[in-house]
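Working notes for the structure below.
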Amino acid sequence: EKSKELSETIEYLTEERHGRNCQIIQKMNADGYKFTLEQVESCFTASQIGRPHFADFLVMQKIVKNRQEAFDRFFAKGKAWYVSHNGEDLETAVQAIKSAGGVPVLAHPMSLYVSWGKMDEVITSIRDKGVIGLEAYHPGARNSECFRLEETARRLGMIVTAGSDFHGEGVRAGRHLGKLAHGKKIDDRFWLDELKPALGDFDFAKTEWVK
């Protein structure tokens, strides 16, 4: 049986992303680039699109040479076509994940952009709101940062996970399913010793509806 809370959260996030994409199209149109959202979506097989897809679309239209140029000129924070992202609040997201039998994990914590001096305080606050895991290993983090994040998680009583940040073929450069930086395979210990015990008796047959 599906989790109503998780379904509603996913629906909210999907609608929020669609609204953001519409705003990006409006900004493009206002600057004389007369494209529609349907035109952009038709170029990709992903169920949802975001800024990387818009950037790739501009490459296809020969407006920019590559994705990085698109971000530098248009989509990066502070640029003309940037639209801020309004995600779900943490407590609601945590409850939605738990309602489906999942394990709430803080993804790529280096993206919090906080100093190491404040990292424990920030992560403790997040842990106290129900997040039980820390994605210490991520292809965008240095090895030294990964090791330090694992130490932080152990010290704060959180499980340690690793992620590939894979969002689909060609969506993010250097991201491959099941791999960390430089093509290194994610160690089985993160599943066997960390996530699997945390999931307990979770029935994976119930996740077939999640695509």
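The values are calculated or read from the model by the stated rules, or taken from the named source; none is laboratory data. Keep in mind the model is a prediction, meaning the values are calculated, not measured. Note that each Cβ is placed from the backbone with ideal geometry, even for glycine, and that neighbours are counted across all protein chains shown.
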* Asked: What are the residues in segment 40-70 that are more than 16 Å from R175 (Cβ to Cβ) and in a helix (DSSP H, G or I), if any?
  -> V40, E41, F54, F57, L58, V59, M60, E69, A70
* Which of the residues spanning segment 80-107 are under 21 Å from F147 (Cα atoms) and buried (at least 17 other Cβ atoms within 10 Å of the Cβ)? -> P104, V105, L106
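Here is a yes/no grid of residues against (1) among the charged types (D, E, K, R); (2) in contact with a Gly (Cβ under 9 Å, 6 or more places away or on another chain); (3) surrounded by fewer than 15 Cβ atoms within 10 Å (Cβ to Cβ):
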residue	(1), (2), (3)
N29	no, no, yes
Y33	no, no, yes
C43	no, no, yes
H53	no, no, no
L58	no, no, no
Q68	no, no, yes
R73	yes, no, no
K77	yes, no, yes
* Enumeration of residues in segment 145-200 that are in contact with a helix residue (DSSP H, G or I) (Cβ under 9 Å, 6 or more places away or on another chain) and farther than 22 Å from T124 by Cα -> H167, G170, V171, R172, A173, G174, H176, L180, A181
* List the pairs whose first member sits in segment 4-16 and is in contact (Cβ under 8 Å) with a residue 12 or more places away in the chain, whose second member is charged (D, E, K, R) and part of a helix (DSSP H, G or I), and whose Cβ atoms are under 9 Å apart, counting only residues at least 6 apart or on separate chains? -> E5/K98
* Asked: Which condition does G102 not pass, out of (1) at pLDDT 95 or above; (2) under 25 Å from P139 (Cα atoms), if it passes all the others?
  -> (1)
* Tell me, please, whether a residue that is outside the structural domain of V59 (by TED's automatic domain parsing), of a type in the set (V, I, T) and farther than 30 Å from C43 by Cα can be found in segment 162-185. => no
* Asked: Mind checking whether some residue in segment 118-129 is among the hydroxyl-bearing types (S, T, Y) and surrounded by 17 or more Cβ atoms within 10 Å (Cβ to Cβ)?
  -> no
* Looking at segment 129-171, which of its residues are β-branched (V, I, T) and more than 14 Å from A107 (Cβ to Cβ)? -> T152, V171
